[in-house]
């Protein structure tokens with residue numbers, strides 16, 4: 001019994017002492033982390049400032065010593081801290097450039113634009129910026145586009161889907177729940193309530209959203225040529241070298257054509273909608289697949305077209321109308337000579353052959 005009490009007491013004392021030791025070590029560690037975070041970084045000559053984005057961005061963040069202790073993979077960044085650091089890097093002669101590692105950053109495009117503008121201001125000092133990533137999301141590529149050189153892993157990828165807006169509509173859900181949304185709306189451009197009373201964007205909302213996107217693009221210095229139609233893709237030795245465009249709004253003959261010199265072209269003109277008299281495409285979307293093929297582009301995953309008879313008005317005898325003009329069926333030699341209407345070898349006269357040809361098309 002004495003031995004049992006002795007060993008039990010020794011175990012309790014050991015646990016208490018271990019707890020005290022670990023508590024002291026923890027306090028020392030926390031004090032060291034806090035002290036190191038408050039210590040000013042010593043910048044050596046020919047240093048490079050590294051922006052390693054891997055986390056989320058907010059306007060301001062509080063220092064969290066436990067983040068370093070727990071080794072959290074994703075960090076929280078403060079926009080004010082990043083902008084201040086870039087400004088200090090610009091003014092510090094010991095820092096020769098910035099190296100961006102845009103792995104992942106959860107941030108709005110407004111915040112990304114502020115960082116990008118700060119980097120543009122940094123480049124005014126004559127210092128370089130280089131970006132490298134295994135893969136670029138669209139926001140990170142936009143941020144990195146300010147760099148003098150953008151590098152990607154040979155096995156990497158770029159997620160690029162362009163600017164766009166995709167609203168969510170709840171009208172069908174609200175109807176299934178047996179609810180009715182009552183709205184009193186004054187004016188045309190009032191789209192805040194559309195998700196609850198419609199299943200798609202109204203023409204007025206589409207117009208104002210398009211205007212917003214165009215304004216955002218123009219604010220970045222991207223030129224937009226209105227009333228300009230590409231009529232030929234210029235190539236030199238199989239490589240794109242420019243675009244020949246028609247200015248449909250020009251008044252003077254000298255201004256009818258516009259020449260654009262470029263090394264790369266993103267051809268996003270849609271399908272061949274302009275070849276149809278009636279089309280479900282928007283009026284301004286004519287399509288220009290033929291120009292790309294004419295310039296030597298390779299087609300891939302193109303839509304197959306099967307042409308047949310169609311009409312938006314009532315037709316009682318489409319086939320008969322179609323066959324009023326009968327085709328001429330003949331064969332030739334390999335060089336195109338020696339035309340011969342071979343169907344006559346199987347009919348007694350021309351009228352019999354044409355009658356059967358008509359029935360073939362009609363049936």
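All of the numbers you see were taken from the coordinates with simple rules; none came from a lab. These numbers were taken from a predicted model, which means no experiment stands behind them. Neighbour counts are summed over all protein chains in view; Cβ atoms, including those assigned to glycine, are modelled from backbone coordinates with ideal geometry.
Per-structure values
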quantity: Virtual spin-label span in nm between residue 199 and residue 329, 7 Å along Cα→Cβ; calculated: 4.7 nm
quantity: Beta bridges by DSSP in the stretch 102-250, antiparallel share as percent, to the nearest 5; calculated: 55 percent
quantity: Inter-probe distance in nm under a simple model that places probes 7 Å from Cα toward Cβ, at residue 341 and residue 41; calculated: 8.8 nm
quantity: Value of relative contact order over the stretch 119-267, rounded to a whole percent, pairs C-alpha under 8 Å and six or more apart; calculated: 12 percent
quantity: P(r) histogram, all alpha-carbon pairs of the stretch 127-279 included - 10 Å bins from 0, percent; calculated: 8, 20, 28, 24, 15, 5, 0
quantity: Cβ-Cβ FRET estimate between residue 212 and residue 255, R0 fixed at 22 Å, reported to 0.05; calculated: 0.15
quantity: Segment residue 227-residue 109, length gained on full extension (0.36 nm per residue, minus Cα span); calculated: 39.5 nm
quantity: Protection-proxy order for peptides 134-143, 159-168, 118-127, each taking the mean of Cβ atoms within 10 Å per residue, highest first; calculated: 134-143, 118-127, 159-168
quantity: For peptides 178-186, 343-351, sequence by mean Cβ density within 10 Å, most packed first; calculated: 343-351, 178-186
quantity: Rounded, prolate or oblate (a/c below 1.5 giving rounded, otherwise prolate when a/b exceeds b/c) for the stretch 166-214 by Cα gyration tensor; calculated: oblate
quantity: Rg/Rg_globular for the stretch 180-241, with Rg_globular taken as 2.2 N^0.38 Å and Rg from C-alpha atoms; calculated: 1.86
quantity: Pairwise centroid distance, computed over Cα atoms, of the stretch 184-219 with the stretch 152-168, Å; calculated: 24 Å
quantity: Three-way shape label, the stretch 95-203, alpha-carbon gyration tensor, a/c 1.5; calculated: prolate
quantity: Highest average packing first - 102-113, 328-339, Cβ atoms within 10 Å; calculated: 102-113, 328-339
